[in-house]
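Below: one structure, written as structure tokens.
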Amino acid sequence: MKKFLILILICFAQNMFSQHKEPTIKSDPDAVINKTEEIPSVDINPEFPGGPEALHNDFLKKNYKMPNVSNLKGKIYMTFMVETNGTLSDIKVLRDIGYGTGEEAIRVLKLSPKWSPAKKNGKPVRWRYSFPITVTGIEPPNAAKLYNLTQNSSVTPVIEEKNQVYNTAGLEVKPEFPGGKEAFDKFIKENYKNPKNTEIKGRVYLTFIIEKDGSLSDIKVLRDIGFETGSEAIRVLKLSPKWIPGKQNNNVVRTLFSVPISVNDFVK
């Protein structure tokens, strides 16, 4: 009889624990995961002024700039701490879909007005809040289309104007980083700070214009792998010394240049 009762209790306990699973992005992408290490639950959850509808349909819709990528759809998963005074801190990207979508979400959340903080036993408490942002890409403007033109086999001005920008394919003298490719790779390795999650692997694709004086302008991320890898690549390229500019018909010209950066090659 005792063995039978013990068996029933074990089955009951297993059933209870199996039904209570902390939702995660992997098992439940749409779940909102709210908690802190110090406090497992609160009486009142934190709230954006005006509620979820104001957060998504007003604030995010007004401030979030959708990426210039055709047919891009997906969700960004964000997490941050709502402090006792309603400000947001420790804003992080749990998962994004590249193309700078995570960095843009961080930028927007930094603009957020103060929230109504969570409460426990009638007192404000710090509370970690997580939620998804739905992203839909838009038709890319000329800048992204220019990247595709750099793959052409003929020399073509990619901007028809007085100060033309040329692609590198077929250019008489291609632009070059001082010291060549090896020096460029060394420059990236010495300056690029890998994301804290060193398990992430992939490439960040960028384009920029090498001006006639060798400086870089119009630096853009065409695709990244989240975790602020795109914004870090832009930061590093802004530190770049002047390049040796390209030439066509013995004249110095502005050139559109594209590079991939392999993030996993620079783990520190």
Q.
Looking at the structure I just gave you, is Lys123 exposed (fewer than 12 other Cβ atoms within 10 Å of the Cβ), under 30 Å from Ser89 (Cβ atoms), modelled with pLDDT of 80 or more and more than 23 Å from the chain's Cα centre (by Cα)?
A. yes
Q) Inside segment 203-247, can you point out the residues that are open to solvent by 40 Å² or more (accessible area, probe 1.4 Å), at pLDDT below 90 and not in a strand (DSSP E or B)? A) Ile225, Phe227, Glu228, Ser231
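Whether any residue in segment 177-192 is in contact with an Asp or Glu (Cβ under 6 Å, 6 or more places away or on another chain) and surrounded by fewer than 17 Cβ atoms within 10 Å (Cβ to Cβ) is what I want to check. Before the answer, list the steps.
Narrowing segment 177-192 to residues in contact with an Asp or Glu (Cβ under 6 Å, 6 or more places away or on another chain): none.
No: segment 177-192 contains no residue that is in contact with an Asp or Glu (Cβ under 6 Å, 6 or more places away or on another chain) and surrounded by fewer than 17 Cβ atoms within 10 Å (Cβ to Cβ).
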(Q) Against the condition buried (at least 19 other Cβ atoms within 10 Å of the Cβ) and more than 24 Å from Val93 (Cβ to Cβ), how does Val253 come out, does it pass? (A) yes
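Name the one entry in Gly230, Gly246 that is small (Gly, Ala, Ser) and more than 19 Å from the chain's Cα centre (by Cα). Can you show your working first?
Values: Gly230 fails: more than 19 Å from the chain's Cα centre (by Cα).
Exactly one of Gly230, Gly246 is small (Gly, Ala, Ser) and more than 19 Å from the chain's Cα centre (by Cα), namely Gly246.
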Q) Which condition number does Ile200 fail, the rest of (1) more than 30 Å from Val135 (Cα to Cα); (2) open to solvent by less than 40 Å² (accessible area, probe 1.4 Å) being met? A) (1)
**Q.** In segment 61-109, the residues that are touching a Pro at 6+ places or on another chain (Cβ under 7 Å) and among the aliphatic types (A, V, I, L, M)
**A.** Val69, Ile76, Val82
(Q) Being closer than 30 Å to Lys73 by Cβ, of a type outside the set (Val, Ile, Thr) and at pLDDT below 90 is true for just one of Asn250, Asn194. Which residue is that? (A) Asn194
Q. In segment 161-200, how many residues are part of a loop (DSSP other than H, G, I, E, B) and under 28 Å from Ile97 (Cβ atoms)?
A. 9
**Q.** All positions within segment 93-112 that are open to solvent by 10 Å² or more (accessible area, probe 1.4 Å) and either at pLDDT 90 or above or part of a helix (DSSP H, G or I) (or both)
**A.** Glu103, Glu104, Ile106, Arg107, Lys110, Leu111, Ser112
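The values are calculated or read from the model by the stated rules, or taken from the named source; none is laboratory data. All of these numbers come straight from a predicted model, not from anything done at the bench. Reconstructed Cβ throughout: ideal geometry from the backbone, glycine too, with neighbour counts over all protein chains shown. With ligands, DNA and RNA removed, areas are computed over all heavy atoms of the protein, side chains included. Shrake-Rupley method; radii C 1.70, N 1.55, O 1.52, S 1.80 Å.
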